[in-house]
Amino acid sequence: MSYPDPKYLGEKGEISATFRPVDTAADVVSGSGSRTHYLATGAATGGEFGLYRFDMSPRGGGPRTHFHKSISESFFVISGTVRLFNGESWIDGTAGDFLYVPQGGLHAFRNESDDPASMLILFTPGAPREEYFEKVAEVATEWSPEDQAEFYLRHDTFWTE
């Protein structure tokens, strides 16, 4: 393994960092009250990664078992207890716990506790997940099966159940 080819070819560096305060309003609020924060979208990182904070309401549920063919997904629990499915068993993840899921890896997550929970979700490479987060609840309840299938395929989400 070696370092990738340089993307920045200058000699002096540049001012290009982005700061997002912790109290920035959520980008998406679900019907259950869970909130998704777009920390670094794939568009903002030039496709390198996408990083999101997911604040789950008590008993907020989560997606059923699925996998992705083109992106890996990583979960880092910030607070509370998040039930993480690693493809084989459910694990109670708490603050500081981490789960990496490579392409093709079965996974799911949910908050089944009476307390809120928060975690970081990292996608690599940085796929455009924003439309997925914004429409997934509507798609699951209001769209035709054909339109659902097209949406999930477009967003590299393959359900197993």
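The values are calculated or read from the model by the stated rules, or taken from the named source; none is laboratory data. Predicted, not measured: the structure shown is a model, and the values here were computed from it. Positions of Cβ are backbone-derived with ideal geometry, glycine not excepted, and every protein chain shown enters the neighbour counts. Quick note on the areas: whole protein, heavy atoms, side chains included, nothing else; ligands and nucleic acids left out. Shrake-Rupley method; radii C 1.70, N 1.55, O 1.52, S 1.80 Å.
Only one of the numbered conditions (1) in a strand (DSSP E or B); (2) without any contact (Cβ under 8 Å) to a residue 60 or more places away in the chain is not met by Phe54, and that is (2).
Only a single item in (1) farther than 17 Å from Thr157 by Cα; (2) among the β-branched types (Val, Ile, Thr); (3) in contact with a His (Cβ under 8 Å, 6 or more places away or on another chain) is not met by Val77, and it is number (3).
The set of residues from region 1-42 being part of a loop (DSSP other than H, G, I, E, B), within 15 Å of the chain's Cα centre (by Cα) and not hydroxyl-bearing (Ser, Thr, Tyr) comprises Ala26, Asp27, Gly42. How do the pairs read when you match residues in region 34-50 that are in contact (Cβ under 8 Å) with a residue 60 or more places away in the chain with residues anywhere that are outside any loop (DSSP other than H, G, I, E, B) and among the hydroxyl-bearing types (Ser, Thr, Tyr), using Cβ under 7 Å and keeping only pairs 6 or more apart or on different chains? These pairs meet every condition: Thr36/Tyr52; Tyr38/Tyr52; Leu39/Tyr52; Phe49/Thr124. Residues in region 80-94 that are exposed (fewer than 15 other Cβ atoms within 10 Å of the Cβ) and among the hydroxyl-bearing types (Ser, Thr, Tyr) were compared, and the one that is farthest from the chain's Cα centre (by Cα) is Ser89. Go over the candidates Phe133, Phe158, Phe123, Phe67 one by one and state the one that is on the phi < 0 side of the Ramachandran plot and either free of Cβ contacts under 8 Å to residues at least 60 places away in the same chain or open to solvent by less than 20 Å² (accessible area, probe 1.4 Å) (or both). Criteria check complete, one pass: Phe123. In the condition set (1) over 19 Å from Val28 (Cβ atoms); (2) open to solvent by less than 50 Å² (accessible area, probe 1.4 Å); (3) in contact (Cβ under 8 Å) with a residue 12 or more places away in the chain, Asp97 is compliant with all but (2).
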